[in-house]
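Written out below as structure tokens is the structure these notes cover.
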Amino acid sequence: MNCDPVKEAVDPESANIQCKRILIVDDNTTNRLIVREMFSKWGVWYQEANDGESALAAMEASAKAKEPFDLVLMDVQMPAIDGITAAKKMRNSKAEIRNIPIIALTAHAMKQDREKCLESGMDDYISKPIDPEKLKEIVVKWAKRSKPGTEAEKLSTVEKNGEGSGDKGLPIDMTAALKRAMRDSAFLKELIQQFTEHLPDEIKALSNALKKSDTQSIVKHTHSIKVRRPICVPMALRRQHSR
């Protein structure tokens, strides 16, 4: 896409990242939709890839055209070449590619998962569902850099902040949902609709995998449901997941 800076007044942070070139790498269409919406509002130039292989090809092409990316948002769990493998390949590639900061996008928030991302050559980490303010903070921090940061700079402090409890009386945390949808109720509705359209098939596939005791398929479809869910999460499920 072409860079189209936001015409209306924007906050200083958004102004600093307008027209930055960022590659979004994720096999999940909902996740890419969420990031696209954020970047469009901020005036960021972006390109999409649905797996590590196509991401590496996109980076090779941009380097050849002498228009390298400023930043890569890389999903960790993807088919074919996953994010960890793609990050390692980037760090062993030509200078125009190996020095691009990589931010991990993942549904896993355990310490060992963060360490695995760093060991692969990634620079920072943000968990799903993505919070717009946290994403903007990380993009502002890394998009201006031309090479990976030091160990002390890695793993941004934005991940240390906890989630608010939202409207505890509701089955959906609408406070957190609207915040993550950048106060755009129409966008939030689109996310919920997309989630509900895919959910029946995912549940059916997971049920079949459970009946067959197919561990690999169980992990695959559980992950797919988790990352495909809209940015509003049922409060009961969030509390259960946090245990």
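Quick notes on this structure:
- The single condition among (1) without any contact (Cβ under 8 Å) to a residue 40 or more places away in the chain; (2) in a loop (DSSP other than H, G, I, E, B); (3) charged (D, E, K, R) that K88 does not satisfy is (2).
- Only residues that are assigned to a loop (DSSP other than H, G, I, E, B) and either among the aromatic types (F, W, Y) or in contact (Cβ under 8 Å) with a residue 60 or more places away in the chain (or both) were counted across the range 123-138, and they come to 3.
- Restricting attention to the range 77-120, the residues that are basic (K, R) and within 22 Å of A61 (Cβ to Cβ) total 5.
- Search result, residues across the range 88-124 that are more than 22 Å from T29 (Cβ to Cβ) and surrounded by 20 or more Cβ atoms within 10 Å (Cβ to Cβ): M90, I100, P101, R114, C117, S120, M122, D123, D124
FYI, it's all coordinate maths here, none of it is from the lab. The model shown is predicted, which means the values in this text are computed figures rather than measured ones. Reconstructed Cβ throughout: ideal geometry from the backbone, glycine too, with neighbour counts over all protein chains shown.
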